[in-house]
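**Student:** Okay, handing you the structure first.
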Amino acid sequence: MRTVQFERLRPAEILAEKARRSIVYLAVGPLEWHGPAMPYGTDPLAAWHAALLAARRTGGVVLPPLYVGTERERSAKLLRDAGFADDSQYIVGMDVPNNSMKSLYWPEEVLGVIVREYLRLLVAQEYQLIVLVNGHGASGQIVTLDRLAIEFSNTTASRVMVAMALGHFDPDDRDMGHATRLETSIQMYLDADNVDLSQLPAKPEKLRSTDWGIIDGFTFDGNPPQDKCVVYDPRDADADMGARYLAAGVDHLVDVVTRAYQAIR
Ligand SMILES: [Zn+2]
């Protein structure tokens with residue numbers, strides 16, 4: 001294969017690859033605030049690169065990334081856990097009041113309509129396995145994609161699956177955060193110019209989640225650090241770790257896709 005990128009392939013190439021491995025990947029994620037040091041497309045870019053690397057191993061093709069993702073208003077509990085004094089504020093996703101820009105979040109019903117049309121077209125192309133690679137952890141996004149996967153798998157000749165894009169290379173690593181060390185490392189690996197850590201204050205100053213819109217997995221899980229500051233610090237990121245995080249995610253993706261494809265055939 002010359003490339004796995006669908007948009008760069010000609011019809012005969014797409015059809016030949018489909019005859020060999022009937023798999024197509026679609027990476028999904030929002031244009032979203034990831035702190036001042038990180039690019040807006042962090043989630044879909046990471047998911048798309050994971051899909052490109054996975055497709056080279058499993059076969060199949062990769063659609064251009066879908067820059068669409070959802071968020072809802074934060075709960076009073078999450079706002080308290082993150083360190084906000086006023087837990088009655090209306091804060092959507094990662095858009096804390098201090099941010100210089102808002103994220104481009106779409107309502108769940110709009111994500112549902114867009115992904116539904118992608119699936120309808122890919123079913124019409126007679127793909128046996130359609131893989132939605134999700135780069136974004138919002139619960140509304142996850143249930144929307146899962147619902148469509150179940151519906152299409154049961155009402156069409158295609159199997160549709162959802163897989164998360166990112167993984168851990170160290171089983172003791174608990175970085176499941178937003179714009180923390182893991183995501184920052186991956187962006188550094190993809191393109192050093194994507195990240196500018198000088199946009200953050202120098203250490204040892206701590207990063208308060210309420211100031212920067214950078215939040216640890218501990219806080220999302222209801223176990224926030226006492227000082228409400230980021231534990232998996234993006235300033236500790238490096239490209240080598242990013243390569244290992246991405247490789248762990250790709251290994252997982254290859255594993256679940258390979259098993260799903262073997263189960264069909
Ligand atoms: Zn992210």
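**Student:** Residues in the stretch 210-236 that are of a type in the set (A, V, I, L, M, F, W, C), part of a loop (DSSP other than H, G, I, E, B) and over 18 Å from the mean Cα position of the chain (by Cα): how many?
**Tutor:** The total comes to 2.
**Student:** Any residue in the stretch 172-186 that's within 18 Å of S198 (Cα to Cα): show its pairings with residues that are in a strand (DSSP E or B) and more than 9 Å from the ligand (Cβ to nearest atom) at Cβ separation under 8 Å, as long as the two are six or more apart or on different chains.
**Tutor:** A179/I215; T180/I215
**Student:** Answer yes if at least one residue in the stretch 8-15 is more than 24 Å from W106 (Cβ to Cβ) and in a loop (DSSP other than H, G, I, E, B), and no otherwise. Working first, answer last.
**Tutor:** Step one: list which residues in the stretch 8-15 are more than 24 Å from W106 (Cβ to Cβ), which gives 8-15.
Subset that is in a loop (DSSP other than H, G, I, E, B): 9-10.
Looking through the stretch 8-15, at least one residue is more than 24 Å from W106 (Cβ to Cβ) and in a loop (DSSP other than H, G, I, E, B).
**Student:** Please enumerate the residues belonging to the stretch 81-102 that are closer than 20 Å to G137 by Cα and in contact with a Leu (Cβ under 8 Å, 6 or more places away or on another chain).
**Tutor:** Correct list: I91 only.
**Student:** Can you list residue pairs whose Cβ atoms sit under 9 Å apart, with the first residue in the stretch 58-69 being among the basic types (K, R) and at pLDDT 95 or above and the second being buried (at least 21 other Cβ atoms within 10 Å of the Cβ) and not in a strand (DSSP E or B)? Count only pairs 6 or more apart in sequence or on different chains.
**Tutor:** Every condition considered, no pair remains.
**Student:** What are the residues in the stretch 141-174 that are buried (at least 20 other Cβ atoms within 10 Å of the Cβ) and at pLDDT below 95, if any?
**Tutor:** The answer is A165, L166.
**Student:** Sort through M188, M176 and tell me the only one that's within 16 Å of the ligand (Cβ to nearest atom) and either outside any helix (DSSP H, G or I) or over 19 Å from A50 (Cβ atoms) (or both).
**Tutor:** Values: M188 fails: either outside any helix (DSSP H, G or I) or over 19 Å from A50 (Cβ atoms) (or both).
Criteria check complete, one pass: M176.
**Student:** Is there a residue in the stretch 79-100 that is part of a helix (DSSP H, G or I) and surrounded by fewer than 19 Cβ atoms within 10 Å (Cβ to Cβ)?
**Tutor:** Step one: filter the stretch 79-100 for residues part of a helix (DSSP H, G or I), giving 79-82.
If we keep only those that are surrounded by fewer than 19 Cβ atoms within 10 Å (Cβ to Cβ) too, we end up with 80.
Yes, the conditions are met somewhere in the stretch 79-100.
**Student:** Moving on to the next point. Give the residues of the stretch 123-152 that are touching a Phe, Trp or Tyr at 6+ places or on another chain (Cβ under 9 Å) and more than 16 Å from the ligand (Cβ to nearest atom), sorted by residue number.
**Tutor:** The initial filter retains those residues of the stretch 123-152 that are touching a Phe, Trp or Tyr at 6+ places or on another chain (Cβ under 9 Å), namely 123, 128-133, 135, 137-138.
V123, Q128, L129, I130, V131, L132 - these are the residues of the stretch 123-152 that are touching a Phe, Trp or Tyr at 6+ places or on another chain (Cβ under 9 Å) and more than 16 Å from the ligand (Cβ to nearest atom).
**Student:** Considering each residue of the stretch 16-60, count those that are assigned to a loop (DSSP other than H, G, I, E, B) and not hydrophobic (A, V, I, L, M, F, W, C), and give that number.
**Tutor:** First pass over the stretch 16-60, keeping only residues assigned to a loop (DSSP other than H, G, I, E, B): 21-22, 29-30, 32-41, 59-60.
From what's left, not hydrophobic (A, V, I, L, M, F, W, C): 21-22, 29-30, 32, 34-36, 39-41, 59-60.
Residues in the stretch 16-60 being assigned to a loop (DSSP other than H, G, I, E, B) and not hydrophobic (A, V, I, L, M, F, W, C): 13 in total.
**Student:** What residue, among those in the stretch 1-57 that are of a type in the set (D, E) and crowded, with 17+ Cβ neighbours inside 10 Å, is nearest to Q199 (Cα to Cα)?
**Tutor:** First, pick out the residues of the stretch 1-57 that are of a type in the set (D, E): 7, 13, 17, 32, 43.
Still in the running and crowded, with 17+ Cβ neighbours inside 10 Å: 17, 32, 43.
On the way: E17: 44, E32: 17, D43: 20 Å.
Out of the qualifying residues, it is E32.
**Student:** Oh, and also: Here are A12, A55, A27, A47: which of them is within 13 Å of the ligand (Cβ to nearest atom) and more than 23 Å from D216 (Cβ to Cβ)? If you could, list the steps in order and put the result at the bottom.
**Tutor:** Numbers: A12 fails: within 13 Å of the ligand (Cβ to nearest atom); A55 fails: within 13 Å of the ligand (Cβ to nearest atom); A47 fails: more than 23 Å from D216 (Cβ to Cβ).
Going through A12, A55, A27, A47 in turn, just one is within 13 Å of the ligand (Cβ to nearest atom) and more than 23 Å from D216 (Cβ to Cβ): A27.
The values are calculated or read from the model by the stated rules, or taken from the named source; none is laboratory data. Remember, it's a predicted structure, so these values are computed and weren't measured experimentally. Glycine gets a Cβ as well: all are built from the backbone with ideal geometry, and neighbour counts include every protein chain shown.
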